[in-house]
Amino acid sequence: MGVIQPGTGCGYCPAMATQDMSARLARMGYGRARLMLSLVGLAILAVLVAVLLVRSVDTTEVVATLLFAPIFLLLLWFGLPGGLIGAAAATGVYVVLRADAIDAVGWGEFSALIVTRAIAYFLFGAVGGWASGTLSMSLDKLDLYDQVDDLTGVNNARFLLTDIDLEKARSQRYQTVFSVSFLAIDAEAISALPARKRKALLRQLGAKLDDGIRTMDRVAHGYDGSCHRIATILPETAGEGAQVFQARLEEQIHAFLAEHGAGGATVDGDIVTVPGDDDALERHLAEWKAIDQAEHATPRT
């Protein structure tokens, strides 16, 4: 966008791509990830059972294979304890399935088969349960430290709130001034675009915002359902300089939206400078806190 220093963005950066993938996984949440894994796992098991049936494998062994399904579901829902409980139950059911044959020919003929099945069940339950618990904890950490906005690829509301707190502390300690540019873009015109075009517009907007700021500045995006909000932290920048920055930013956003079919969107802006506009800053941050809470409010059940 070239608001202050054109071309200062890094373009494609592997680290940023990794952050983006991590943010998407965190935003999915363990509930959705678990559902996806359940469907994929059960589909694979169904294919395996179908192959066994086509090959006319003994019915008891087909059922024994199906017993991996409840173990799989229990370990996904309850982690390691669920996997072990499921393995114990599956082993018991398998012994019951073989009970008539054991009575007929004796335990010795089936002991090795039963022990092998039990080992397979418990290994699957233990390893799968541990992996499920690890995934859950990893997603918790990703969600806690998620600072990348999914829609634009720039910083999100959580980053903005944390960074402004740091900037305020720095300003107080060193007696310096900083400003924050707040813009609100009416989402109606953007939302009216086809999904693919809307997604591309927001990603391109994020890239242009990131390219158009100084190295010391930080830009964030948040969506509250009715407005796309953009905030830019401008360290060591007084009100007059921030006004110049925002006027140019608004002009270029208007041009960008018109170029991409969303020219009817209104853009409202405000500048706060600290110290001096502390109350106004808190009012804006209240809106961003609501965005952050909405983005990280998905229950993990």
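Points to keep in mind about this one:
- Percentage relative contact order, segment 66-137, counting C-alpha pairs under 8 Å, at least six apart: 48 percent
- Each residue of segment 216-224 was assigned a 3J(HN,Hα) from its phi angle through the Karplus expression (A = 6.51, B = -1.76, C = 1.60, θ = phi - 60°), giving 7, 7, 9, 10, 9, 10, x, 10, 9 Hz with x at Gly and Pro.
- Close amide H partners of ARG229, meaning residues 5 or more places away or on another chain with modelled amide H under 5 Å apart, are ILE185, GLY222, TYR223, ASP224.
- For VAL148, the amide hydrogen comes within under 5 Å of the amide hydrogens of ASN156, counting only partners 5 or more places away or on other chains and with H modelled in the peptide plane.
- LEU193 contributes an accessible area of around 20 Å² to the protein surface, as traced by a 1.4 Å probe with all chains present.
- Around VAL96: net Lys/Arg minus Asp/Glu count, Cβ-Cβ under 15 Å: -1
- Among 250-256, 100-106, the peptide with the highest mean count of other Cβ atoms within 10 Å heads the list, and the full ranking is 250-256, 100-106.
- Amide proton proximity set for ARG218, modelled H, under 5 Å, gap of 5+: ILE233
- The HN-Hα couplings worked out from phi for segment 44-51 by the Karplus form 6.51 cos²θ - 1.76 cosθ + 1.60 (θ = phi - 60°) are 5, 5, 5, 5, 4, 5, 4, 5 Hz, whole numbers, x standing for Gly and Pro.
- Whole-Hz ³J(HN,Hα) from phi, Karplus 6.51 cos²θ - 1.76 cosθ + 1.60, for segment 54-71, glycine and proline x: 4, 7, 6, 5, 3, 4, 4, 6, 5, 5, 4, 5, 4, 5, 5, 4, x, 4
- Relative packing of 219-231, 199-211, which averages over residues the other C-beta atoms within 10 Å, highest first: 219-231, 199-211
- Legend: calculated FRET efficiency, GLU282 to ARG203, from the Cβ-Cβ distance at R0 = 25 Å, rounded to 0.05, equals 0.20.
- Relative contact order of segment 197-296, taken over Cα pairs closer than 8 Å and 6 or more residues apart, is 21 percent.
The values are calculated or read from the model by the stated rules, or taken from the named source; none is laboratory data. Note that the structure is predicted; figures quoted are calculated from it, not measured. Heads up, the Cβs are rebuilt from the backbone with ideal geometry, glycines too, and the neighbour counts pull from every protein chain shown. For accessibility, only protein heavy atoms count, side chains too; no ligands or nucleic acids. Shrake-Rupley method; radii C 1.70, N 1.55, O 1.52, S 1.80 Å.
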